[in-house]
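Peer 1: Here it is: the structure, laid out below.
Derivation of every value follows stated rules applied to the coordinates shown; laboratory data play no part. Note that the coordinates shown come from a computational prediction; the quantities given were computed from them, not determined experimentally. Neighbour counts are summed over all protein chains in view; Cβ atoms, including those assigned to glycine, are modelled from backbone coordinates with ideal geometry.
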Amino acid sequence: MRKDLRTAWLLLLLRDGASYGYELRRELTARKMKLDPAVMYRGLREMEQHGLISSRWMRSDTGPKRRVYDITDAGLRELARVAATIAAAREEQTTFLTAFENPGGAVTAPSS
């Protein structure tokens, strides 16, 4: 998974509430996203260094303490920026596919 998409997915999952690494991996897997655990944790640390997320240790009733991650205001802004970039790319790709599927036809912008 590309780094920018990995970051976007992690921010999106954290937007819905604080979570810990194992749960984030489970959510990504449920969405057919494959991510090596070491890469994910390295990415989470990097996101925290850039102020996109924060973390804290939390006691667990069923095992060792867990590091719980939360999205920050800067993370919410980055998530919105990435979503806008993805939407613009999707529009460009849809326009291309429409032209490809209609050779010689008029190309019109997709309706959003």
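Peer 1: Using a 10 Å Cβ count of at most 14 others and DSSP loop calls, identify the longest part of the chain lacking such trypsin sites (Lys or Arg not before Pro).
Peer 2: 35-112
Peer 1: Under 10 Å from the Cβ of residue 21, count the other residues' Cβ atoms, weight Lys and Arg +1, Asp and Glu -1, and hand me the total.
Peer 2: Surrounding charge for residue 21 is +3.
Peer 1: Could you give the DSSP H helices of the chain that reach 20 angstrom or more along their long axis (alpha carbon positions) and whose average Kyte-Doolittle hydropathy is no lower than -1.0?
Peer 2: 73-101
Peer 1: Taking the Cα-to-Cβ direction at residue 46 and at residue 67 and moving 7 Å from each Cα, how far apart do the two end points lie in nm?
Peer 2: A separation of 1.4 nm, rounded to one decimal place.
Peer 1: What percent does the relative contact order of the chain come to when contacts are Cα pairs within less than 8 Å and at least six residues apart? Numbers along the way, then the final one.
Peer 2: Values: 97 pairs, mean separation 28.1, N = 112.
Worked out over the chain, it gives 25 percent.
Peer 1: Here's something else I'd like to know. Could you run the Debye sum over the Cα atoms of the stretch 19-106, one equal point scatterer each and no solvent, and tell me log10 of I(q)/I(0) at q = 0.22, 0.25 Å⁻¹, two decimals?
Peer 2: So the normalised log intensities are -1.16, -1.27.
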